[in-house]
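First up is the structure itself, then whatever we jot down about it.
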Amino acid sequence: MWEYTDKVMEHFRNPRNVGVIEDADAVGEVGSLSCGDALRLMLKLGPDGRIADAKFQTFGCASAIASSSALTELIKGKTLEEAAQVTNQDIADYLGGLPEQKMHCSVMGRDALLAAIENFKKGGAPVPRKDSRLVCACMGVTEKVIERAIRENRLKTVEEVTHYTKAGGGCGGCIPDIEAILKRVTAEMERAGATVPKNLTVFEKIQKIQETLDREIRPALRQDGGDIELLDIDGDRVIVSLRGTCSQCRLSTVTLKDVVQAKLREFVSPTLSVIEDGNRPVEEA
Amino acid sequence: MNEKPVIYLDNNATTRVAPEVRDAILPFFTDLYGNPSSIHSFGGQVKRHVDQARQELAALLGAQPDEVVFTAGGSESDNQAIRGVLEALGGKKRHLVTSRVEHPAVRSLGQHLSKIGYRVTEIGVDHDGALDMEELSAAIGDDTALVSIMWANNETGVLFPIEEIGALCRRRGVLFHTDAVQAVGKVPIDLSRLPVDLLSLSGHKLHAPKGIGALFIRRGTPVSPLIIGGHQERGRRAGTENVPGIVGLGVAARLARQNLAQEVRELSALRDRLEQGLLRGCRGARVNGKNRLPNTLNISFEYIEGESILLHLDEIGVAASSGSACTSGSLEPSHVLRAMGVPFTAAHGSIRFSLSRYNTRQEIDFVIEHMPRIVDKLRELSPFVPENNRQRQWQGSVGNPACAPGCGRCSSDH
């Protein structure tokens with residue numbers, strides 16, 4: 001028996017936005033009967049360019065239905081550009097998490113959303129789902145889908161790729177291929193300095209910031225009898241509090257900017273800015 | 001503990017321990033706890049109960065008591081039978097013939113053996129689940145050590161022609177093992193007249209506890225022990241006897257023998273009632289398998305997915321199981337349904353109801369009453385249901401995943 005969260009079960013029992021939009025502006029379809037799950041997402045845009053209505057039809061298990069329901073709730077009211085930023089992790093987070101082996105349900109939601117946006121850009125013309133080379137013939141998964149899942153979720157093993165995309169979950173013949181893709185994409189991400197992924201979840205961001213504080217920053221501050229505490233993060237703004245000798249130091253702004261912010265930008269994300277508790281933004285050099 | 005009353009229709013997974021069995025077992029934990037191998041009479045008296053249980057089980061099977069070896073369950077019995085025979089033949093014969101629809105205890109073992117130097121042939125089945133006897137006959141060769149074919153399928157309940165298979169094996173001079181875990185206690189079995197050399201069974205499928213099973217080994221059959229150690233079970237299975245389990249299995253065997261004819265009649269009637277009720281009440285329903293155990297109904301609901309059905313059933317207190325991919329943790333639907341060529345439209349939406357002597361007509365009627373609502377609710381959600389799909393053709397599939405070359409996933413699905 002799967003350990004589904006109450007939120008998953010609630011959306012499974014009472015899915016939001018089930019149905020068909022007859023005059024949809026964008027339609028995205030992913031999956032197939034043979035694979036065991038499939039999702040059709042339909043979007044209607046308002047005069048302001050925002051998603052006025054989103055409806056879905058889903059064939060699949062409880063987590064597939066709940067993920068589809070969550071997706072429609074997440075994107076309503078957003079522009080297509082904003083909606084494109086919604087990740088599979090956002091869908092899983094909205095539901096309070098999904099079992100690891102069911103993460104592919106959230107990825108299916110993300111893929112349907114991207115397919116719908118593509119469909120809109122093409123003026124409603126059908127989007128060829130074979131967007132790149134077919135890697136897993138059993139589950140119908142292309143290289144592009146695998147690559148995106150690896151990048152966005154920083155997947156490390158073939159098993160994770162299977163959990164997130166289903167690729168490799170059939171006859172297993174494509175597993176060497178998936179290994180090669182993993183190796184290539186991981187190397188590319190490292191070269192691009194992208195041990196720093198684009199779409200960190202809040203939790204992952206906090207974790208990475210804490211790690212960087214512990215490893216790169218605290219030892220230096222403690223040598224001078226100071227310390228630092230992470231208080232909060234708000235989008236890309238990292239709110240910290242300097243402790244010990246640092247809190248009285250006239251050079252604390254310099255410390256924050258030159259040491260803390262620089263290290264966090266290097267190891268976590270180049271878009272971060274560090275703010276000391278009391279809303280004193282760090283001046284840009 | 002779950003206090004919610006449950007309508008338990010998953011008896012091919014496991015069964016409730018019969019109250020008579022429970023009562024018989026209890027003294028063996030705190031009063032009659034001696035070791036049957038001991039010299040003292042405190043242990044010796046326990047041995048008499050073990051012997052009696054062996055006689056009860058032999059009587060149910062039409063076997064001699066010394067042909068019954070107690071094990072820890074069906075999987076151990078299957079492993080003991082197959083590995084024991086291969087070892088006893090000294091590696092001289094290295095071919096095993098089995099079927100594509102076996103329980104994992106046999107099928108995964110076959111896959112393992114094929115990696116360590118044995119040759120394994122899996123015989124196919126037709127759309128009704130019936131074994132291809134011609135293919136079986138053709139597969140047996142000079143190198144064949146053993147044929148292992150199940151008596152009844154755990155997922156569909158389909159019965160195989162054990163007498164015919166056994167006769168074929170005898171003619172060809174090959175040993176025959178059958179995994180009868182699902183058959184014992186549900187259909188009459190008389191090994192005194194059937195050409196079967198080895199037969200596996202499991203206690204918890206016939207109202208005995210989990211952790212006890214048995215292997216029938218016909219006198220004179222070459223079998224090496226799997227578990228080596230003490231002299232228990234006449235040297236064929238070492239380890240101090242699971243006395244409470246053995247006593248329980250003995251009582252369960254007696255109950256099964258005494259009530260078999262009546263239970264078969266009653267279970268068939270209830271199962272048929274469920275089957276007819278669901279076929280009448282639910283759209284897009286089809287039964288998987290013909291010539292089945294009296295207690296099993298495997299039914300598919302087209303275009304909807306099994307896990308979703310099961311969770312809705314769970315909400316109303318009904319326990320069943322599914323051959324859908326999502327329930328197994330794998331991504332593939334049941335190997336049994338795929339071997340039968342059940343189309344994907346139906347394989348993912350298959351539900352297995354398996355009944356026992358404890359089910360009532362009221363319970364069956366409750367399921368018949370509620371199932372149409374569940375099916376309708378899920379079909380409303382499905383993009384594949386033809387009436388939901390008038391607007392447009394499905395374009396979401398990449399290539400034709402059902403027909404990937406070389407993977408064998410759908411070899412009989414055309």
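The table that follows gives values for the structure above.
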| quantity | calculated |
| --- | --- |
| Average partner coverage of A:84-94, which counts Cβ from other chains inside 10 Å | 0 |
| Distance between region B:204-261 and region A:31-99 - C-alpha centres, whole angstrom | 54 |
| Dipole moment magnitude, nearest 20 debye, region A:61-133 about Cα centre, only Lys, Arg, Asp, Glu C-beta charged | 340 |
| Folded to 0 to 90 degrees: helix B:104-115 orientation relative to chain B principal axis, Cα | 80 |
| Region B:119-193 - Kirkwood radius from inverse mean 1/r over Cα pairs (Å) | 13.1 |
| Inverse of mean 1/r across different Cα pairs in region A:1-156, Kirkwood, Å | 15.5 |
| 3J(HN,Hα) from dihedral phi, region A:43-49, Karplus parametrisation 6.51/-1.76/1.60, rounded to Hz, x for glycine, proline | 10, 10, 9, x, x, 7, x |
| Amide H contacts under 5 Å for residue B:123, placed H, 5+ residues apart | B:98, B:99, B:100 |
| Relative contact order [Cα under 8 Å, 6+ residues apart], region A:1-70, whole percent | 36 |
| Residue B:232 long-range amide H proximity, modeled H, under 5 Å | B:239 |
| Gaussian network model of chain B, springs between alpha carbon atoms under 10 Å - residue of B:317, B:124, B:157 with greatest fluctuation | B:317 |
| Residue range of chain B that is longest and free of chymotrypsin sites (Phe, Trp or Tyr not before Pro) which are both DSSP loop and sparsely packed (at most 13 other C-beta within 10 Å) | B:34-357 |
| Chain B: Rg to Rh, with Rh as the Kirkwood radius over Cα pairs | 1.00 |
| Max mean-square fluctuation residue, GNM over chain A, Cα-Cα springs under 10 Å, options A:141, A:238, A:158 | A:238 |
| Cα gyration tensor shape for region B:98-224, rounded if a/c is under 1.5, else prolate or oblate | rounded |
| Pair-distance profile P(r), taking every C-alpha pair of the protein assembly as shown, with 20 angstrom steps and integer % | 16, 39, 30, 14, 2 |
| Rounded to the nearest 20 debye, dipole of region A:1-124 from Cβ charges on Lys, Arg, Asp, Glu | 160 |
| P(r), alpha carbons of chain A - 10 Å bins starting at zero, rounded % | 6, 25, 27, 22, 14, 6, 1 |
| Residue mean of other protein chain beta carbons inside 10 Å, A:22-34 | 5 |
| ³J(HN,Hα), Karplus 6.51/-1.76/1.60, whole Hz, each residue of region B:41-49, x for Gly, Pro | 5, 4, x, x, 5, 5, 4, 4, 6 |
| Crossing angle, helix A:143-153 versus chain A [Cα axis fit, 0-90 degrees, rounded to tens] | 30 |
| Fraction of accessible area attributable to carbon and sulfur, chain B (%, probe 1.4 Å) | 50 |
| Cα coordinate range in region A:80-129, projected on the principal axes (Å, largest first) | 36, 22, 10 |
| Cβ charges +1 (Lys, Arg) and -1 (Asp, Glu), total dipole of chain A, debye | 440 |
| Separation of alpha-carbon centers, region A:160-229 and region B:87-123, rounded to whole Å | 43 |
| Relative contact order for chain B, counting Cα pairs under 8 Å that sit 6 or more residues apart, in percent | 20 |
| Within chain A, longest stretch clear of exposed GluC sites (Glu not before Pro) (DSSP loop, no more than 10 other Cβ within 10 Å) | A:23-282 |
| Region A:202-281 - percent relative contact order, Cα under 8 Å, separation 6 or more | 31 |
| Residue of B:241, B:122, B:380 that the Gaussian network model of chain B assigns the largest fluctuation, springs spanning Cα pairs under 10 Å | B:380 |
| From phi via Karplus (6.51, -1.76, 1.60), per-residue ³J(HN,Hα) for region B:79-88 in Hz, x at Gly/Pro | 5, 4, 4, 6, 5, x, 5, 4, 5, 4 |
| Protein-protein interface of region A:135-156, residues with accessible area decrease of at least 20 Å², isolated chain reference, 1.4 Å probe | A:137, A:138, A:139, A:140 |
| Accessible area of region A:131-210 divided out per residue, in Å², using a probe of 1.4 angstrom | 46 |
| Where GluC sites (Glu not before Pro) fall in DSSP loop in region B:1-63, at most 13 other Cβ within 10 Å | B:3 |
| Accessible area, probe 1.4 Å, largest first, for residues A:63, A:132 | A:132, A:63 |
| Heavy-atom accessible surface that A and B bury in contact, both chains counted, 1.4 Å, Å² to 100 | 3600 |
| Dipole of region A:202-281, positive direction: furthest Cα of A:274, A:252, A:217, with charges on the beta-carbon | A:252 |
| Helix-only mean residue ellipticity at 222 nm for chain A, each DSSP H run of n ≥ 4 adding -39500 (n - 2.57), per residue, nearest 500 | -11500 deg cm²/dmol |
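The values are calculated or read from the model by the stated rules, or taken from the named source; none is laboratory data. Since we're looking at a predicted model, the values are computed, not measured. Cβ sites come from the backbone with ideal geometry, for glycine too, and all protein chains shown count toward neighbours. Just the protein is used for accessible areas: all its heavy atoms, side chains included, with ligands, DNA and RNA removed. Shrake-Rupley method; radii C 1.70, N 1.55, O 1.52, S 1.80 Å.
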